[in-house]
Amino acid sequence: MFFILLGAPGAGKGTQADIIVKEMSLPHVASGDLFRHALKNGTELGKQAESYMKAGNLVPDGITIKMILERIAQPDCNDGCVFDGFPRTLDQAKALDAALEKQGKSIEKAIYIEVPESALLDRLTGRFVCRTCQTPYHKKNSPPKKEGVCDKCSGELYQRADDKEETIKERLKVYFAQTMPLLDYYNKKGRLFRVNGNQHIDQVGKDIVKFLRGLKQKK
Ligand code: ADP
Ligand code: ADP
Ligand code: ZN
């Protein structure tokens with residue numbers, strides 16, 4: 001089963017991905033993590049993506065789609081995966097549908113984490129991410145047990161270069177212009193599930209798990 005996590009930057013996609021991955025036993029495919037990994041390793045892909053990421057713009061569709069299709073061609077994605085941060089444009093969504101269709105597969109659900117715009121800036125400016133396992137934390141909402149250290153893997157927490165106010169504002173603009181239309185796209189296909197993301201992290205997770213268990217029972 002292929003799932004998509006939809007929502008604005010800061011909605012809680014990375015935070016909730018963990019729960020879905022565990023509940024469904026599927027790999028987590030996060031486009032932003034893949035780009036940051038490439039950047040850190042100085043690969044050709046990283047060089048191509050760097051300027052766009054720094055400015056808070058989208059990496060061009062051609063580069064992004066190629067990266068994702070290569071990722072899901074790996075054997076661990078044979079039975080599905082949880083997409084996080086992809087697709088972000090209509091062309092990406094259409095390319096993904098076409099690629100899956102060729103293999104007789106399709107998107108099961110797009111899980112839309114709905115959060116009012118007013119909450120996003122605070123979430124993103126307070127975010128710290130583990131360098132090793134990419135788990136997101138928040139200085140007030142979701143602090144680690146020990147400052148600067150990941151609860152899960154003891155990795156070092158850092159603040160992303162694009163989590164500064166100016167770049168966040170650009171990313172939000174891009175989200176409303178280019179990614180919001182995907183809600184309509186998946187809704188029309190009967191594939192959209194909305195969850196209220198403006199609740200405690202645990203409650204958002206519980207709502208998602210309840211939905212997934214209902215889905216499994218119907219199968
Ligand atoms: P967030 O979780 O805060 O929304 P991501 O980690 O998903 O951010 O993405 C960080 C950056 O990586 C984006 O601002 C963009 O430059 C690039 N990126 C990630 N996913 C995509 C995508 N599907 N299409 C184009 N660019 C992307
Ligand atoms: P995304 O992947 O959608 O960009 P993240 O999962 O990285 O978002 O979450 C963004 C920030 O908001 C993180 O610092 C995270 O700890 C925090 N956060 C996530 N979900 C909630 C929530 N329900 N309430 C408050 N803060 C949250
Ligand atoms: Zn970690």
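The values are calculated or read from the model by the stated rules, or taken from the named source; none is laboratory data. All figures in this text were calculated on a predicted structure; none of them were measured in a lab. Virtual Cβ from ideal backbone geometry, glycine too; neighbours counted across all protein chains shown. In case anyone asks, the SASA skips ligands and DNA or RNA and just uses the protein heavy atoms, side chains included. Shrake-Rupley method; radii C 1.70, N 1.55, O 1.52, S 1.80 Å.
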- Calculate the length of the line joining the C-alpha centroid of the range 146-219 to that of the range 46-94, in whole Å. 16 Å
- Query: Cα-based Rg (one decimal) and Dmax (whole number) for the range 17-122, in Å?
  - Reply: 14.6, 42
- Message: Charges on Cβ only, +1 for Lys and Arg, -1 for Asp and Glu, centred on the Cα centroid of the chain; of 209, 78, 34, which one is farthest towards the dipole's positive end?
- Response: 209
- Query: Which of the aspartates and glutamates could a cross-linker bridge to residue 164, judged by Cα under 13 Å and excluding same-chain residues fewer than eight apart?
  - Reply: 122
- Counting every C-alpha pair in the range 63-104, the percent lying more than 13 Å apart is 53 percent
- Query: Roughly what % of DSSP beta bridges within the chain run antiparallel, to the nearest 5?
  - Reply: 30 percent
- Query: Quick one: ranking 189, 105, 47 by accessible area, 1.4 Å probe, largest first, what do you get?
  - Reply: 47, 189, 105
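Computing the accessible area with a 1.4 Å probe over protein heavy atoms, can you report the carbon and sulfur percentage for the range 1-130? Before the final figure, lay out each step's value.
Details: 2930 of 5650 Å².
C and S fraction of accessible area: 52 percent.
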- Message: Run the simple label-point estimate for residue 180 and residue 152 please: 7 Å along Cα→C-beta, distance reported in nm.
- Response: 3.1 nm
- Query: With the contact rule set at Cα under 8 Å and sequence spacing of 6 or more, what percent relative contact order holds for the chain?
  - Reply: 29 percent
- Item | Dimensionless Rg over Rh [the range 5-50; C-alpha; Kirkwood] | 1.08
- Would you work out if the chain is rounded, prolate or oblate? Take a ≥ b ≥ c from the square roots of the eigenvalues of the alpha-carbon gyration tensor; rounded if a/c is under 1.5, else prolate when a/b is larger than b/c, oblate otherwise. rounded
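Which order do the peptides 80-90, 121-131 take when ranked by the mean count of other beta-carbon atoms within 10 Å per residue, highest first? Please report the intermediate quantities before stating the final value.
On the way: 80-90: 21.9, 121-131: 18.9.
Taking the mean over residues of other Cβ atoms within 10 Å, the ranking is 80-90, 121-131.
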- Note on the structure: Checked the range 144-219 against the a/c 1.5 cut and the a/b vs b/c comparison, axes a ≥ b ≥ c from its Cα gyration tensor; verdict oblate
- Note on the structure: Under the 7 Å Cα-to-Cβ spin-label approximation, residue 188 and residue 44 lie apart by a distance in nanometres of 3.6 nm
- Could you list the residues of the range 29-65 with an amide nitrogen less than 15 Å from a label point located 7 Å from the Cα of residue 105 in the Cα-to-C-beta direction? 29-30
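Where the only charges are on Cβ atoms (+1 Lys, Arg; -1 Asp, Glu), what is the dipole of the range 97-173 about its Cα centre, to the nearest 20 debye?
Numbers: 16 positive and 14 negative charges, 56 e Å.
Value, rounded to 20: 260 debye.
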- Query: Using a ≥ b ≥ c from the Cα gyration tensor of the range 72-189 (square roots of the eigenvalues), is it rounded, prolate or oblate, where a/c under 1.5 gives rounded and otherwise the larger of a/b and b/c decides, a/b for prolate?
  - Reply: oblate
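Only helical DSSP H runs with n ≥ 4 go in: add -39500 (n - 2.57) per run for the chain, normalise by residue count and round the 222 nm mean residue ellipticity to 500 deg cm²/dmol.
-14500 deg cm²/dmol
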- In bins 5 Å wide, starting from 0, what share of all Cα pairs of the range 73-132 does each bin hold, as a percent? 4, 12, 18, 21, 15, 12, 12, 6, 1
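Would you mind working out the accessible area per residue for the chain, using a 1.4 Å probe, and quoting it in Å²? Display every interim value, and only then the final one.
Details: 11480 Å² over 219 residues.
Result: 52 Å² per residue.
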- Item | Segment residue 219-residue 22, length gained on full extension (0.36 nm per residue, minus Cα span) | 69.1 nm
- Residue pairs, from the table 173/216; 140/216; 94/152; 139/189; 22/140, whose Cα atoms sit over 30 Å apart: 173/216; 140/216; 94/152; 139/189
